[in-house]
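Student: Mind having a look at this structure? Questions to follow.
The values are calculated or read from the model by the stated rules, or taken from the named source; none is laboratory data. Every value quoted in this text rests on a predicted model; they were computed, and no experiment measured them. Cβ placement follows ideal geometry from the backbone for every residue including glycine, while neighbour counts extend to all protein chains displayed. Side chains included, ligands, DNA and RNA excluded: accessible areas come from the protein's heavy atoms. Shrake-Rupley method; radii C 1.70, N 1.55, O 1.52, S 1.80 Å.
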Number of protein chains: 2
Amino acid sequence: MAEEQNPVGVVDRDRRLVSLSRRGFIASSTGLVGSMVAGHAAAETLADVPPREDGTDLSGHSERSKYTKIARIPEAGPGKRNIDPGDAINSKTPLDKLFGSITPSDLHYERSHSGAPDLDPALHRLLIHGMVRKPLVFNVEDLKAMPSISRVVFIECTGNGWENWKKADGTLTVQNTHGLVSTNEWTGVPLKFLIDLVGKESNSRWVLAEGGDAAGVARSIPLTDEILNEAFVAYGQNGEPLRPAHGFPMRLIMPGFEGNLNIKWLRRLKFGDQPWMTRWETARYTQLQANGKAIQFQLRMETNSVITSPSGTMVIKPGYRRITGLAWSGHGRITKVEISTDGAKTWKEAQLGSPALAKAQTRFQMDWAWDGKPTRIVSRSTDDQGNVQPDRKSFIAATGTNALFHYNAQQTWSIDETGRVRNVLD
Amino acid sequence: MAEEQNPVGVVDRDRRLVSLSRRGFIASSTGLVGSMVAGHAAAETLADVPPREDGTDLSGHSERSKYTKIARIPEAGPGKRNIDPGDAINSKTPLDKLFGSITPSDLHYERSHSGAPDLDPALHRLLIHGMVRKPLVFNVEDLKAMPSISRVVFIECTGNGWENWKKADGTLTVQNTHGLVSTNEWTGVPLKFLIDLVGKESNSRWVLAEGGDAAGVARSIPLTDEILNEAFVAYGQNGEPLRPAHGFPMRLIMPGFEGNLNIKWLRRLKFGDQPWMTRWETARYTQLQANGKAIQFQLRMETNSVITSPSGTMVIKPGYRRITGLAWSGHGRITKVEISTDGAKTWKEAQLGSPALAKAQTRFQMDWAWDGKPTRIVSRSTDDQGNVQPDRKSFIAATGTNALFHYNAQQTWSIDETGRVRNVLD
């Protein structure tokens with residue numbers, strides 16, 4: 001069963017890394033004494049352990065502990081925090097407080113243009129029309145009777161990282177800088193199956209996907225082989241029905257592509273032979289370049305990674321600690337994450353969670369002993385298509401700072417002599 | 001990216017299965033007309049689709065839709081439903097209402113002996129002692145600083161299926177019959193890492209794991225290579241901290257073994273050279289055989305599967321519908337699920353979700369057109385160790401009906417001429 005387990009590391013009595021092994025622990029590690037990580041020596045009794053406790057009755061749902069404080073942060077845009085709830089346009093996932101690669105459904109990031117409607121599934125319909133032989137309307141029960149796929153994929157707002165385009169706010173957490181990406185297991189009907197039902201005309205190379213929210217977000221999607229093979233209309237999220245903020249009762253899932261293409265509250269798919277040039281693709285989601293021209297239809301999300309611990313606003317102590325984070329790529333599977341603990345001078349390969357799925361967030365970690373001196377830590381990821389996450393300098397040299405979207409430069413955290421971790425640009 | 005997608009099926013104009021293909025759809029399917037699944041013909045307008053709706057403000061958590069009715073069922077034991085909450089000893093996952101393979105954290109089944117305490121993580125401690133060179137005490141923050149693994153695994157109560165040992169209650173749903181199994185992504189510290197810290201003595205071949213609930217559930221666990229390589233102490237569940245009902249702040253995860261070994265509210269691990277013979281292994285979790293003798297330490301969960309739709313109490317209509325369900329094995333990975341729609345006379349291979357992970361639930365599905373005549377449907381699974389789920393007759397012949405645990409006979413659902421689905425024994 002080695003394939004399902006991450007490799008693990010071993011530290012010595014000075015809290016320094018002794019060995020990383022894909023097979024487990026080295027034999028010499030059995031000579032370790034216990035105090036080097038963070039254990040507390042004990043007498044061989046239960047005296048230091050609190051007594052057992054009686055519990056509450058079993059129920060229909062297991063709620064969170066009253067000691068677990070975990071929530072998204074609603075924001076009104078880059079640098080726009082501490083706002084009235086009505087001004088929020090997104091709500092960010094607390095990456096610094098999560099483990100593994102799955103995001104809890106209620107903490108998956110939200111980005112919407114007219115709030116989150118709770119549509120009645122008995123009334124909601126999906127119209128499929130345009131260049132098809134037989135336009136059809138479906139409700140969500142129709143979809144549930146069809147063949148389905150389930151797939152663990154990340155969805156990322158194209159604005160993720162936008163806090164760091166021009167300057168570094170040292171008060172930001174990783175939730176502020178990178179909280180517009182999340183990973184869920186989505187379940188639904190392959191777009192290809194629906195296409196077969198309506199009989200798409202062969203010269204239709206685009207589809208318009210429109211949402212049922214008041215804003216009516218609508219995007220033209222090119223019908224490439226990749227999209228035809230991978231897109232699906234989802235009704236399930238981490239095992240349960242979609243939540244209203246995530247498109248209940250149905251949404252489009254476009255693995256690897258801009259979050260806004262994963263149309264929520266999906267009400268129609270219209271097939272055609274050219275893009276519709278909606279305001280979402282002429283005004284909103286275009287990418288302003290250094291030369292003043294804008295790119296349209298820059299749809300794929302990039303190779304990315306971020307260290308989630310230690311990260312912005314944390315305070316660490318000298319000695320052993322694990323560095324961990326998340327990596328993802330719209331191109332495919334993460335194959336390598338490297339970490340530098342000396343400001344990008346030298347790099348070491350981190351351990352990757354297993355299985356590392358294509359177009360899903362992958363957990364990485366590395367053992368580290370901080371010597372107490374100021375330094376900078378940074379990660380960079382590589383995917384199975386050979387894409388390497390760029391450093392900030394080369395990223396800005398190529399893109400300029402006029403743009404708002406598709407920021408995927410390496411994220412650097414500085415650590416000062418007091419152990420305080422801060423967001424910096426490089 | 002074919003490896004991440006399930007294969008899908010195609011039905012013809014009479015709603016009969018035309019083709020199952022691992023590569024997608026056959027070319028001939030493009031001649032299909034749309035009405036055969038459950039779509040509704042439409043004019044090429046939005047007239048039949050409800051208008052768009054404004055939404056509520058974005059927030060810190062995405063709550064469920066008011067239209068989503070989904071909850072576990074607390075029960076007091078086999079056949080003991082409609083009880084006072086204080087009498088509940090378990091609470092079952094609604095398998096008939098879920099998709100994919102991940103169980104939402106708040107719907108993971110619960111089984112406990114003195115309710116669910118919400119322990120204060122600042123006070124809670126894990127003592128590791130016994131035959132070790134250096135006994136140690138850890139809190140959950142200590143664990144979070146150590147190397148971790150994240151793994152998607154099923155946990156199953158050894159009593160799952162106990163409703164069907166002696167007779168079939170035709171009013172049961174699949175939640176009643178099989179709702180004591182769930183799958184989450186768990187994150188924590190490998191047992192091996194903790195063993196290296198305390199310096200286990202080489203002649204220690206057992207560990208006692210004890211919970212911090214009032215019942216103090218405690219089990220002796222043999223330190224086989226498999227368990228040493230795979231067991232871990234978890235603090236994370238589907239990305240977030242454990243919920244109180246699932247062991248907050250820490251629990252043992254024993255992939256593939258009886259749920260009661262996955263000790264919740266873990267307060268100590270004591271190493272020794274023989275089992276402790278706690279009352280949980282001398283009285284509670286022993287398996288009474290046909291000859292009146294009991295088996296102790298029958299720890300591994302078996303190769304199992306169940307069709308979740310259609311399933312008990314559902315009413316179906318003639319024509320096309322998808323059969324879907326879940327398969328799992330404590331021995332390893334599910335490699336095959338077969339479905340019979342004629343009462344176990346003939347079998348067809350179902351499609352498996354991908355990736356099919358070892359010791360995790362795997363989704364299966366098959367296209368089917370019901371002809372409206374009474375029949376019986378049943379599934380049987382096979383794992384990568386060659387174990388095949390037994391039919392009820394051979395299972396009972398081998399085990400008798402005195403036992404209460406480890407029921408893994410094939411589950412048969414009968415369908416009468418009105419389309420009503422009922423739990424039957426074979």
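Student: Each residue of the stretch A:107-120 in turn: what ³J(HN,Hα) in whole Hz from Karplus with 6.51, -1.76, 1.60 and θ = phi - 60°, glycine and Pro shown as x?
Tutor: Once θ is set to phi - 60°, the couplings for the stretch A:107-120 become 10, 4, 4, 10, 8, 8, 9, 8, x, 10, x, 9, 6, 6 Hz.
Student: Next question. Per the Kirkwood formula on distinct C-alpha pairs, the Rh of the stretch A:368-416 is how many angstrom?
Tutor: So the Kirkwood estimate lands at 12.8 Å.
Student: DSSP loop trypsin sites (Lys or Arg not before Pro) in the stretch A:121-196 with at most 12 other Cβ atoms within 10 Å of their Cβ, which ones?
Tutor: Hits after loop and neighbour filter: A:166, A:167.
Student: Under a plain spin-label model, where a point goes 7 Å from the Cα along Cα-to-Cβ, how far apart in nm are residue A:348 and residue B:113?
Tutor: With each label point 7 Å from Cα toward Cβ, the separation is 4.4 nm.
Student: For chain B, what relative contact order do you get, as a whole percent, if you take Cα pairs closer than 8 Å and at least 6 residues apart?
Tutor: Relative contact order of chain B: 16 percent.
Student: Given labels modelled 7 Å from the Cα in the Cβ direction, how far is it in nm from residue A:288 to residue A:141?
Tutor: It is 5.0 nm.
Student: Residues with amide H under 5 Å of residue A:248's amide H, sequence separation 5 or more or different chain, H placed in the peptide plane at 1.01 Å from N; which?
Tutor: Amide H neighbours of residue A:248, under 5 Å, 5+ apart: A:243, A:265.
Student: Report the normalised scattering of the stretch B:342-382 as log10 I(q)/I(0) at q = 0.16, 0.24, 0.28 Å⁻¹, calculated by the Debye formula with identical scatterers on the alpha carbons.
Tutor: -0.53, -0.93, -1.12
Student: Per DSSP H run of n ≥ 4, the term is -39500 (n - 2.57); total these for chain B, divide by its residue number, and report the mean residue ellipticity at 222 nm rounded to 500 deg cm²/dmol.
Tutor: -2000 deg cm²/dmol
Student: Also, quick follow-up: Using only the alpha-carbon atoms, what does the stretch B:129-196 span along each of its principal axes? Please give whole angstrom values in decreasing order.
Tutor: Principal-axis extents of the stretch B:129-196 (Cα, largest first): 55, 26, 17 Å.
Student: Follow-up. Go through B:98, B:181, B:301 and say which Cα lies farthest out towards the positive end of the charge dipole of chain B; charges sit on Cβ, +1 for Lys and Arg, -1 for Asp and Glu.
Tutor: Going by the charge dipole, the pick is B:301.
Student: Which residues' amide hydrogens lie under 5 Å from the amide hydrogen of residue B:412, considering only partners 5 or more residues apart or on another chain, with H built in the peptide plane?
Tutor: B:424
Student: Follow-up question, since we're still on this one. Stick to Cα atoms and the Kirkwood definition of Rh, then tell me Rg/Rh for the protein assembly as shown.
Tutor: 0.96
Student: For residue A:69, which inter-copy label distances result when the label point lies 7 Å beyond Cα on the Cα-to-Cβ vector, reported in nm to one decimal and in ascending order?
Tutor: 3.8
Student: Given charges of +1 on the Cβ of Lys and Arg and -1 on the Cβ of Asp and Glu, with all other atoms neutral, how large is the dipole of the stretch B:338-426 about its Cα centre, in debye to the nearest 20?
Tutor: Using only the charged Cβ atoms, the result is roughly 220 debye.
Student: So the label point sits 7 Å from Cα along the Cα-to-Cβ vector; using that for residue A:388, what distances do you get to the other copies, in nanometres, sorted shortest first?
Tutor: Copy-to-copy label distances for residue A:388: 5.3 nm.
Student: Further question: Considering protein heavy atoms only and a 1.4 Å probe radius, which residues within the stretch A:364-387 exhibit an accessible-area decrease of no less than 20 Å² in the full assembly relative to the chain by itself?
Tutor: A:365
Student: OK, next. Give me the dipole magnitude in Debye, nearest 20, for chain B about the Cα centre, with unit charges on the beta carbon: positive for Lys and Arg, negative for Asp and Glu.
Tutor: The dipole of chain B has a size of about 880 debye.
Student: Let me ask you something else. Tell me, what is a quarter of the convex hull surface for the C-alpha atoms of the stretch A:257-330, in nm² with one decimal?
Tutor: Its average projected convex-hull area is 8.9 nm².
Student: Which loop-located GluC sites (Glu not before Pro) does the stretch A:222-326 contain, where loop means any DSSP state but H, G, I, E or B and the Cβ has at most 15 other Cβ atoms within 10 Å?
Tutor: Taking the stretch A:222-326 and a limit of 15 other Cβ atoms within 10 Å, no loop GluC sites (Glu not before Pro) are found.
Student: For the stretch A:131-142, what does the Karplus curve 6.51 cos²θ - 1.76 cosθ + 1.60, with θ = phi - 60°, yield as ³J(HN,Hα) per residue in whole Hz, taken in order and with x for Gly and Pro?
Tutor: Values per residue, Gly and Pro as x: 7, 9, 6, 9, x, 9, 10, 10, 9, 6, 5, 4 Hz.
Student: Suppose R0 equals 45 Å. What FRET efficiency, 1/(1 + (r/R0)^6) with r the Cβ-Cβ distance, do residue B:54 and residue B:224 give to the nearest 0.05?
Tutor: Efficiency at R0 = 45 Å is approximately 0.15.
Student: Under a 5 Å amide H to amide H cut-off, with H placed in plane at 1.01 Å, what residues pair with residue B:268 once short-range neighbours are removed?
Tutor: B:127, B:210
Student: Here's a follow-up. Which whole-Hz couplings ³J(HN,Hα) result when phi for each residue of the stretch B:153-166 is put into the Karplus expression 6.51 cos²θ - 1.76 cosθ + 1.60, θ = phi - 60°, listed in order with x for Gly and Pro?
Tutor: Per residue, the Karplus-derived 3J(HN,Hα) values read 9, 7, 10, 9, 5, 4, x, 4, x, 5, 4, 9, 4, 10 Hz.
Student: At 7 Å along Cα-to-Cβ for each site, give me the label-to-label distance between residue A:295 and residue B:80 in nm.
Tutor: 6.4
Student: Using the heavy atoms of the protein chains and a 1.4 angstrom probe, tell me the accessible area per residue for the protein assembly as shown in square angstrom.
Tutor: Here the per-residue accessible area is 35 Å².
Student: With the cut-off at 23 Å, tell me which of the pairs B:167/B:348; A:92/A:167; A:317/B:144; A:348/A:393 have Cα atoms farther apart than that.
Tutor: Among B:167/B:348; A:92/A:167; A:317/B:144; A:348/A:393, the Cα-Cα distance tops 23 Å for B:167/B:348.
Student: With +1 on the Cβ of every Lys and Arg and -1 on the Cβ of every Asp and Glu, and nothing else charged, how large is the dipole of the protein assembly as shown about its Cα centre, in debye rounded to the nearest 20?
Tutor: It comes to approximately 480 debye.
Student: For A:406, B:113, give the ranking by accessible area with the largest first, probe 1.4 Å.
Tutor: From most exposed to least exposed: B:113, A:406.
Student: Counting only protein heavy atoms, what percent of the accessible surface of the protein assembly as shown is carbon or sulfur at a 1.4 Å probe?
Tutor: Ligands and nucleic acids excluded, carbon and sulfur reach 48 percent.
Student: Now for a separate question. Give the calculated FRET efficiency between residue B:202 and residue A:69 to the nearest 0.05, with a Förster radius of 56 Å applied to their Cβ-Cβ distance.
Tutor: 0.85
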